[in-house]
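A short reminder: the numbers here are calculations on the coordinates, not readings from a lab. Bear in mind the structure is a predicted one, so any value in this text is a computation, not a measurement. Positions of Cβ are generated from backbone atoms using ideal geometry, with glycine treated the same way; all protein chains shown enter the neighbour counts.
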Amino acid sequence: MERLDKILSSTGRWSRREVKELVRAGRVTVDGVPAQSPEQKADRAGSEIRVDGESISASQYTYLMMNKPAGLVSATEDPREPTVLSLLPGHLRKIGLFPAGRLDKDTVGLLLLTNDGVLAHELLAPKKHVDKTYLVRVEGRFDDADVTAFREGITLADGYACLPAGLELTGPDQALVTLHEGKYHQIKRMCAARGKPVAFLKRLTFGPLALDGNLAPGEWRELTEEEIESLRQNKQKNLNIPIEIDGERRYNIE
C-alpha cells in the first residue's frame with residue numbers, strides 16, 4: 001500500500017501539489033469511492049484509481065514498444081540531436097524511461113523503452129545472449145560464403161571475434177541477421193568485414209518481442225502483460241516474420 005499522491009505523481013502527469021488539489025476537488029476516486037486525502041493508502045496493482053473518470057495506470061514500471069524512425073538518437077537526452085523520447089507525450093518523459101539497448105541514428109525498427117532497470121540489465125547482460133533479429137540490405141550481393149562466415153563467427157577489423165550469428169538470405173542484397181550479442185555497430189562492422197557496406201538496417205525482434213506491424217515509424221504502444229512476462233522469462237518464440245506475396249517469400253523493409 002502506498003500514498004495516493006505518490007502513486008499519481010509517479011505517472012508524470014501531476015505533481016504532488018496538483019494531486020492534492022485534485023483530491024480536494026473530488027476528482028480522484030479509488031475503487032469507485034472519492035479519495036479522502038492525498039495521504040490515503042492504495043494498492044498500485046489492486047486498486048482502480050480514476051481521475052475525472054479516467055482510469056489511471058499506476059504500475060510501478062512502464063514498458064513501451066516503439067517503431068523507431070531514422071534520424072533520432074537512442075538516448076534520454078542529447079545536446080545536439082533529437083532523441084527517441086521526443087516522440088513521447090510530456091508525462092511519459094518525466095518517469096525515467098530509457099532505451100533498453102541502442103539503435104544507431106540511421107537504424108530503424110523495434111526499440112524497447114522502460115524504467116525497469118533490473119529487467120533492462122537482465123536483457124542486456126552479455127551472459128544472457130538475448131537474440132536480436134535484423135533485416136539488412138547491403139551494397140553488393142550476399143552469397144553462401146557470407147552465410148558460412150556468419151555461422152562460424154566473423155573477426156572484426158579491431159580483432160574482436162564475434163559469436164556465431166545467423167544469416168538467412170532473402171534476396172540478392174538483403175538478409176535476416178540473428179545476433180546473440182550486441183556490440184557497437186556490430187552488423188555494420190560484420191558486413192564491412194565481408195566487403196558489403198550496410199545500406200539499410202531494421203530491427204525486427206528483441207528476445208521474445210516482435211515489432212508490431214501496426215506501428216508506423218515513430219509510433220509506440222505499451223506492452224501487453226503477456227509481452228512483459230515473456231521478457232521477464234526471456235522466452236524465445238518462433239516468430240513469423242516473412243510475408244507471402246504471390247506465393248513468394250518477401251520482406252517489407254520500407
Expected 222 nm ellipticity per residue - DSSP helices of 4 or more, -39500 (n - 2.57), all of the chain, to 500: -5000 deg cm²/dmol
Partners for Lys68 among aspartates and glutamates (Cα-Cα distance below 19 Å; same-chain residues under 8 apart left out): Glu77, Asp78, Glu81, Asp104, Asp106, Asp131, Asp212, Glu219, Glu222, Glu227, Glu254
Unsatisfied cross-links (Cα-Cα over 19 Å) in the set Lys132/Lys196; Lys41/Lys94; Lys128/Lys183; Lys105/Lys183; Lys127/Lys183: Lys132/Lys196; Lys41/Lys94
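When the chain is fully extended, how far beyond the present Cα-Cα distance does Ser86 get from Ala161, taking 0.36 nm per residue of separation?
23.4 nm
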Hydrodynamic radius of the stretch 63-250 per Kirkwood, over alpha carbon pairs, in Å: 17.3
Residues Leu103, Leu156 arranged by fewest to most Cβ contacts within 10 Å: Leu156, Leu103
Fewest-first sequence of Thr107, Thr224, Thr178 by Cβ atoms within 10 Å of each Cβ: Thr224, Thr178, Thr107
Label zone at Thr178 (point 7 Å along Cα-to-Cβ), backbone N below 16 Å, the stretch 125-160: 129-136, 147-153
Computed FRET value (nearest 0.05) for Glu219 with Glu18, which takes r as the C-beta separation and R₀ as 22 Å: 0.15
For Arg203, net neighbour charge (Lys/Arg +1, Asp/Glu -1) across residues whose Cβ lies under 12 Å away: +2
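Can you give the FRET efficiency to the nearest 0.05 for Asp43 and His121, using r as the Cβ-Cβ distance and R₀ = 45 Å?
For R0 = 45 Å, the calculated efficiency reads 0.95.
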Distance between modelled label sites at Ala145 and Glu77, nm, 7 Å Cα→Cβ extension: 5.0
